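S.K.: Quick one: this structure, given as structure tokens, is what I'll be asking you about.
Throughout, read-outs are computed from the coordinates displayed, never taken from laboratory work. In this text, all values refer to a predicted model and were calculated from it rather than measured experimentally. Here the Cβ positions follow ideal geometry from the backbone for every residue, glycine too, while neighbour counts run over all protein chains shown.
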């Protein structure tokens with residue numbers, strides 16, 4: 001019976017800048033900066049431990065088109081480890097690390113096979129004699145909107161056929177519609193497995209054949225919550241086994257805690273400490289966004305202490321923890337809520353304000369000072385429609401709170 005095993009990983013984003021985290025304590029920030037490389041090591045360790053036939057890296061190995069020498073060197077070191085163990089690596093480049101970038105090239109070892117800008121197939125014969133055809137392409141430029149899926153054509157002569165594609169399932173509005181495809185498109189190709197990349201959240205689009213996004217190997221911001229990792233895949237003539245393996249060293253989490261039962265500051269502190277400990281994972285760091293809702297303390301001094309001293313106390317002992325839980329965002333939602341509908345009934349000013357916010361379309365003008373800044377432009381220009389809406393909602397919330405307090 002023919003059998004193959006492989007690792008499916010995607011969206012490594014090696015040397016990601018981890019924007020907006022320089023305020024962290026130096027030791028924690030250094031660990032966060034190293035986290036993509038720590039995750040890469042876990043990928044290679046898993047491949048060697050399970051003695052797989054090959055590894056698939058489905059796009060965006062590097063965070064930017066310039067591919068820093070540091071990132072390339074660290075990647076090459078891990079590929080050499082795989083080469084020493086006779087493990088082949090099949091790579092496609094995605095929108096972030098496309099082939100048209102400008103970088104100083106470091107040659108990769110012979111076990112690393114990179115797909116060109118047009119869909120092509122590569123042939124592998126495993127140590128056990130199974131023949132595998134792998135199909136894929138690398139992005140020639142950052143923006144690929146063509147239906148490249150139409151160029152994937154199954155070739156006879158293999159025991160297993162595996163498609164590698166960095167793209168977006170048609171209709172997925174949260175991401176740029178790069179190399180769009182539908183699940184039915186992939187089914188029609190009659191491949192044995194589809195190794196997808198581009199979406200940073202794990203998703204199994206189909207079980208037969210498996211069509212899978214593994215997500216990225218390391219979360220990079222508060223939108224990329226939960227454990228990140230890779231898939232260990234075993235295929236035979238009759239069966240398939242797919243197991244998720246964790247790789248992230250730093251985990252982003254978010255939670256909302258109902259603090260209505262808290263009567264004083266100590267109650268809130270203890271509730272937060274219990275919550276923090278529930279997120280603590282052995283030998284892993286956690287960056288937590290914590291929201292406390294329905295807080296009403298009788299003592300005004302204690303109520304004021306929630307916006308400053310509470311966070312300081314919670315972070316006091318985390319700097320020295322290997323398994324730290326660092327609160328990157330603490331939001332205190334007091335028990336008295338702002339009723340927008342009532343405000344509109346009470347004053348025409350609020351009705352006009354909410355209408356202005358709802359129809360606001362000048363976010364580019366509002367962001368102009370950042371867009372004109374060399375460093376700010378690098379990141380703000382990538383804001384999606386969802387990101388822009390979130391900024392407007394946060395601005396509205398802040399404005400209402402200030403008006404309500406006054």
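S.K.: What's the Cα-based Rg to Rh of the stretch 203-245, Rh via Kirkwood?
M.R.: 1.07
S.K.: Another question about this same structure. Can you pull the one-decimal nm distance between simple spin-label points at residue 110 and residue 341, each 7 Å off the Cα toward Cβ?
M.R.: Those two pseudo-labels are separated by 7.3 nm.
S.K.: Say a paramagnetic label sat at a point 7 Å from the Cα of residue 49, along Cα to Cβ; which residues of the stretch 244-284 have their backbone N under 18 Å from it?
M.R.: Inside the label zone: 244-251, 281-284.
S.K.: Continuing with this model, one more query. Computed from these coordinates, which is semi-axes √(5λ) of the Cα gyration tensor in Å: [x] 30, 29, 19; [y] 44, 25, 20; [z] 33, 27, 22?
M.R.: Correct label is [y].
S.K.: Turning to a different aspect of this structure: If each DSSP helix of 4+ residues adds -39,500 (n - 2.57) and the sum is divided by the residues in the chain, what number results at 222 nm, nearest 500 deg cm²/dmol?
M.R.: Mean residue ellipticity at 222 nm (helix-derived): -9500 deg cm²/dmol.
S.K.: A further question on this structure: Fully extended, how many nm does the chain gain between residue 361 and residue 244 (0.36 nm per residue separation, minus their Cα-Cα distance)?
M.R.: Length difference between fully extended and current span is 37.9 nm.
S.K.: Another question about this same structure. I need the calculated FRET efficiency for the pair residue 263 and residue 333, taking r as the beta carbon distance and R₀ as 25 Å, to the nearest 0.05.
M.R.: 0.90
S.K.: With a 10 Å Cβ neighbour count serving as the proxy for reagent exposure, in which order, fewest first, do 194, 103 appear?
M.R.: With the fewest neighbours first, 194, 103 line up as 103, 194.
S.K.: On to the next question. Round to the nearest 0.05 the FRET efficiency obtained for residue 80 and residue 354 when R0 = 51 Å and r is the Cβ-Cβ distance.
M.R.: That pair, residue 80 with residue 354, gives E of 0.30.
S.K.: Can you pull a Stokes-Einstein diffusion coefficient for the stretch 143-264 at 37 °C (0.692 mPa s), Rh from Kirkwood over Cα pairs, as a whole number of µm²/s?
M.R.: 199 µm²/s
S.K.: For the Cα atoms of the chain, what angle does the longest principal axis make with the long axis of helix 69-84, in degrees from 0 to 90, nearest 10?
M.R.: Relative to the chain, helix 69-84 is tipped by roughly 50 degrees.
S.K.: How much length is gained on full extension from residue 1 to residue 320, taking 0.36 nm per residue of separation minus their Cα-Cα distance?
M.R.: Contour length minus Cα-Cα distance gives 109.6 nm.
S.K.: Relative contact order for the chain: what percent, with Cα pairs under 8 Å and sequence separation of 6 or more?
M.R.: 13 percent
S.K.: Take the chain, connect every pair of alpha-carbon atoms lying under 10 Å apart with a spring to form a Gaussian network, then pick out the residue of 21, 391, 311 with the largest mean-square fluctuation.
M.R.: Maximum fluctuation in the GNM of the chain, among the listed residues, is at 391.
S.K.: A follow-up question, please. Pick from 215, 157, 167 the residue whose mean-square fluctuation is largest in a GNM of the chain, springs joining Cα atoms under 10 Å.
M.R.: Result for the chain, Cα springs under 10 Å: 157 fluctuates most.
S.K.: If you don't mind, there's one more thing I want to ask. Grab every C-alpha pair in the stretch 61-177, bin the distances at 5 angstrom width from 0 up to the longest one, and report whole percents.
M.R.: The calculated distribution, bin by bin, is 2, 10, 18, 20, 19, 15, 11, 4, 0.
S.K.: A further question on this structure: Using DSSP, restrict attention to beta bridges with both residues in the chain and report what percent are antiparallel, rounded to the nearest 5.
M.R.: DSSP beta bridges in the chain are roughly 35 percent antiparallel.
S.K.: Label-point separation (nm) for residue 254 and residue 313, each offset 7 Å from Cα along Cα-to-Cβ?
M.R.: So the two model labels end up 2.6 nm from each other.
S.K.: What's the center-to-center distance, using Cα atoms, between the stretch 67-103 and the stretch 233-294 in Å?
M.R.: Here the two parts' Cα centres lie 31 Å apart.
S.K.: Expressed as an acute angle from 0 to 90° and rounded to the nearest 10, what is the orientation of the C-alpha long axis of helix 385-405 relative to the principal long axis of the chain?
M.R.: 10 degrees
S.K.: Follow-up question, since we're still on this one. With the cut-off at 13 Å, report for the stretch 98-139 the share of all Cα pairs above it, as a whole percent.
M.R.: 66 percent
S.K.: Label residue 281 and residue 120 with points 7 Å out from Cα along Cα→Cβ: what is the distance between them in nm?
M.R.: 3.8 nm
S.K.: Output the 0 to 90 degree angle, nearest 10, between the alpha-carbon long axis of helix 265-278 and the longest principal axis computed from the alpha carbons of the chain.
M.R.: With rounding to tens, the tilt is 0 degrees.
S.K.: Here is a follow-up. Taking all pairs of different Cα atoms in the stretch 250-337, averaging 1/r and flipping that mean, what Kirkwood radius in angstroms comes out?
M.R.: Averaging 1/r across every pair of different Cα atoms and inverting gives 13.2 Å.
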